[in-house]
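K.L.:
Okay, here's the structure, questions in a sec.
The values are calculated or read from the model by the stated rules, or taken from the named source; none is laboratory data. As the structure is a computational prediction, the values presented were derived from the model and not from experiment. Positions of Cβ are backbone-derived with ideal geometry, glycine not excepted, and every protein chain shown enters the neighbour counts. For accessibility, only protein heavy atoms count, side chains too; no ligands or nucleic acids. Shrake-Rupley method; radii C 1.70, N 1.55, O 1.52, S 1.80 Å.
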Amino acid sequence: MHETNQNEISLIGIERLRYLTDGPGITTLVGFRGCPLNCAYCLNPQCHDNSIFNLYTPSLLIKVLKRDDIYFSATGGGVTFGGGEPLLYPSFIKEFREQAPDDWAINVETSLNSSFDILRQLIPFIDYYIVDIKDTNPIVYERYTGCDNSKVIKNLKYLLDKGLGNKIEVRVPEIPDYNTDSDIYSSVVMLKQMGVEHVSFLTYKVRKVLLTPSISKGDVDNSYGKSLCQILKKIRVEKAKELGVDYTPPFCTNKKACSGTCPVCEKELEYINSFYQ
């Protein structure tokens, strides 16, 4: 699915406060609709739903994301476009980059199974690439996605030839019933030979129930949430001091699972933003 109105698109979800999971620092993950693949274990099948939900222009999306500007600036984070396939929306990404604060990182989570011309045009606007390679074996890839992977390899080689190896993370998944340990090893060897510096691993979980229409982090990790809460609190304290704002965060008494923020934390962020933005 390609853009019909380049300046206004429908998203499948927006998820805030992701730390070191979608590029450097604290990021907000923005899910685009549409994907050229038909993966057997698609984590966001709603990306193939052409129904129109909330519509966003680049300026409106920036306005929504600016609530976390102090977190982005303090950690070198920003926005990560995923989906779906973000490279289907080059004009939106370009316009977003031109309007967003200069210190926001613009990352993409992509299959790289996209037009070479689009990829080439977007290079000046993207800071970090997270590539879900699926498998480098074309037979495994086609069996799992229903598509050919020749464009993926060509596009990855192009980025590496442009000297962008330090800005690329390639994720090599274990795909139950589709690839083997030997396939994974072969993919890693090939990627290293191509010059990929950063390779990470993950396992696709087979789900009997489709995900809800949003980008899901899955079960809440309480230890992760508590750690993130402390990081965000420290950033608020430092920003308040920089702004000369009287701010002392209250002692947290929450004993339940924590995603990293809560209504109290959000009120504190809103208070500091009232002086900052």
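K.L.:
Please list Asp68, Asp181, Asp117 in order of solvent-accessible area, largest first, computed with a 1.4 Å probe with all protein chains present.
P.N.:
Highest to lowest solvent-accessible surface, that is Asp181, Asp117, Asp68.
K.L.:
Something else now. At 1.4 Å probe size, put Arg97, Arg120 in order of accessible surface, largest to smallest.
P.N.:
Ranked from most to least accessible, the order is Arg120, Arg97.
K.L.:
Can you tell me the FRET efficiency between Glu98 and Ile139 if r is taken as the Cβ-Cβ distance and R0 is 30 Å, rounded to the nearest 0.05?
P.N.:
The value I calculate is 0.10.
K.L.:
Here's a follow-up. P(r) tail for region 69-149, what percent of Cα pairs lie past 20 Å?
P.N.:
Cα-Cα pairs of region 69-149 separated by over 20 Å account for 39 percent.
K.L.:
Rounded to the nearest angstrom and ordered from largest down, what semi-axes does the equivalent ellipsoid of region 21-136 get from its C-alpha gyration tensor (root of 5λ)? Write out the running numbers ahead of the final one.
P.N.:
Values: eigenvalues 101, 51, 41 Å².
In descending order, the three semi-axes are 23, 16, 14 Å.
K.L.:
Could you work out the mean projected area of the convex hull around the alpha carbons of the chain, in square nanometres to one decimal?
P.N.:
15.3 nm²
K.L.:
Continuing with the same structure: Can you tell me which lysines have their Cα less than 21 Å from the Cα of Lys226? Leave out same-chain residues fewer than eight positions away.
P.N.:
In chain and number order, the partners are Lys217, Lys234, Lys239, Lys255, Lys256, Lys267.
K.L.:
Just to confirm the filter: which chymotrypsin sites (Phe, Trp or Tyr not before Pro) across region 1-84 are DSSP coil and have at most 14 other Cβ within 10 angstrom of their Cβ?
P.N.:
Hits after loop and neighbour filter: Phe53.
K.L.:
Express in Å², to the nearest 10, the accessible area of Glu174 obtained by rolling a 1.4 Å probe over the protein heavy atoms while all chains stay in place.
P.N.:
Here the accessible area works out near 80 Å².
K.L.:
With the dipole of region 1-147 worked out from charges on the C-beta (+1 for Lys and Arg, -1 for Asp and Glu) around the Cα centre, which of Gly146, Phe92, Asn44 lies farthest toward the positive end?
P.N.:
Positive-end residue among those listed: Asn44.
K.L.:
Given C-alpha coordinates of region 237-277, what is the ratio Rg to Rh with the Kirkwood estimate of Rh?
P.N.:
1.01
K.L.:
Let me ask another. According to a simple spin-label model (label point 7 Å from Cα along Cα-to-Cβ), what is the distance in nm between Asp117 and Tyr271?
P.N.:
5.4 nm
K.L.:
Angle between the Cα long axis of helix 90-99 and the longest principal axis of the chain, 0 to 90 degrees, nearest 10?
P.N.:
So the inclination is approximately 30 degrees.
K.L.:
In what order, largest first, do Arg18, Arg67, Arg33, Arg143 sit by accessible area if the probe radius is 1.4 Å?
P.N.:
Arg143, Arg67, Arg18, Arg33
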